[in-house]
Amino acid sequence: MVELRLAILGAGNIASVHAQAVHEVEGASLAIVADGGSGRGRALAERFGARYLPDAALAASDDEVDAVIVATPSGRHADAVIAAAARGKHALVEKPLDVTLERCDAMIRAAQEHGTVLAGVFQNRFAPGVARAREALAAGRLGKLVLANGLVPWYRSPAYYREGGWRGTWKLDGGGALMNQGIHTVDLLLHLAGPVARVSADIGRRVHATETEDTAAATLAFADGAFGALQATTASWPGEPARVALYGEAGTIVLDDGRITAWHLRDADEAEVEAMLRLDAAPGGGSADPLAIGVERHRAQLEDFLRAVAERRQPAVTPAEARGAVELVLAVYASARAGAPVGLPLAG
């Protein structure tokens, strides 16, 4: 496997998870932590034996760096990726890819022009249960899909939104409960049930004093004819696991935080059901605390990123797929603003 020297750009909650993943993955080393001048990254850099830089742009252009993990505020992702790509550096980018389709497209073009690998972080794709569910769907074991639902009943405190000053803003967060937290479930719905053709939605602020929504609800019409519901909030105390439920004419699969909690397939025997329910023992979930997640899935995604660089191929979460999750979230917002259904793809 290729040896990659990485810089983590940003030192918020998720940076420590990425740093631990780099520490655990063979062939990866952490060269730099940069935080934009806040000083928060200094302790993280010292903990993992990396250099600290107060300037993310300097880190992205440093000669000792082969790739960057972009964990800056969401509305600044494109800037970091474009600067890194211009220096021939690959990028693994925290969700969302960025907060507008124009910025997503700009970073995708930059990676294509400079021949660099660009991947979006959707670590729940790497949960064993998600892989088994996708295999069952591809094999037709659920029959015709009828409903595909996503529910994110999470909680974030007022202090969470005050920290850093960018969360819950349109400019840098790009949205609220759906763009920041619920987008993981949006990605899983698209990954498992396929593209969405039409969305009808409402959003609002029920509890938090943010610019953006803390609660969103949408009905979905999938391209293959199935229907669905998508609901997300950060105002539901104490927070429960994010759920994806798939209902077909020949079976039902339910995933909570990417773990299989129901495997009711017409052709499954008892041994298979028991095996599916025992499949994933990965600890932690982000329903109430963004730091409560484990590192296992981030480690698996980083390993795929290294292989993509070594093999000169697309990563498991392609830039187009990461963009697709942003597009569906933006369609929800557009529908809520218009008070009417919105079709996908969105007009450019």
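The values are calculated or read from the model by the stated rules, or taken from the named source; none is laboratory data. Everything quoted here is computed from the prediction, not taken from an experiment. Cβ atoms come from the backbone with ideal geometry, glycine included; neighbour counts cover every protein chain shown.
Tabulated data for the structure shown
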quantity	calculated
Some residue of the range 308-330 being over 17 Å from the mean Cα position of the chain (by Cα) and surrounded by 19 or more Cβ atoms within 10 Å (Cβ to Cβ)	yes
Residue that is nearest to Ala325 (Cα to Cα), among those in the range 208-261 that are aromatic (Phe, Trp, Tyr) and over 21 Å from the mean Cα position of the chain (by Cα)	Phe227
Residue match in the range 274-290 (condition: at pLDDT 95 or above, buried (at least 17 other Cβ atoms within 10 Å of the Cβ) and in the same structural domain as Arg132 (by TED's automatic domain parsing))	yes
Residue that is surrounded by the fewest Cβ atoms within 10 Å (Cβ to Cβ) [pool: residues in the range 88-103 that are outside any helix (DSSP H, G or I) and among the acidic types (Asp, Glu)]	Glu94
Selected residue (only one of Ala106, Ala78 is assigned by TED's automatic domain parsing to the domain that holds Asp66, part of a helix (DSSP H, G or I), farther than 19 Å from Asn180 by Cβ and modelled with pLDDT of 95 or more)	Ala106
Residue within the range 6-17 that is over 17 Å from the mean Cα position of the chain (by Cα) and either without any contact (Cβ under 8 Å) to a residue 60 or more places away in the chain or part of a loop (DSSP other than H, G, I, E, B) (or both) present	yes
Residue in the range 45-66 that is farther than 20 Å from Gly88 by Cβ, in contact with a His (Cβ under 7 Å, 6 or more places away or on another chain) and not aliphatic (A, V, I, L, M) present	yes
Hits in the range 310-321 (condition: under 16 Å from Ile108 (Cα atoms) and in a helix (DSSP H, G or I))	Pro319, Ala320, Glu321
Pairs where the first residue, in the range 45-72, is in contact (Cβ under 8 Å) with a residue 24 or more places away in the chain and the second is aliphatic (A, V, I, L, M) and assigned to a loop (DSSP other than H, G, I, E, B), C-beta under 8 Å, 6+ apart	Ala59/Val65; Ala67/Val117; Ala71/Ala11; Ala71/Ile14
Search result, residues across the range 184-208 that are of a type in the set (D, E, K, R) and either assigned to a strand (DSSP E or B) or surrounded by fewer than 22 Cβ atoms within 10 Å (Cβ to Cβ) (or both)	Arg198, Asp202, Arg205, Arg206
Residue list for the range 36-77, restricted to those being β-branched (Val, Ile, Thr) and out of contact with any Gly (no Cβ under 6 Å at 6 or more places or on another chain)	Val65, Val68, Ile69, Val70
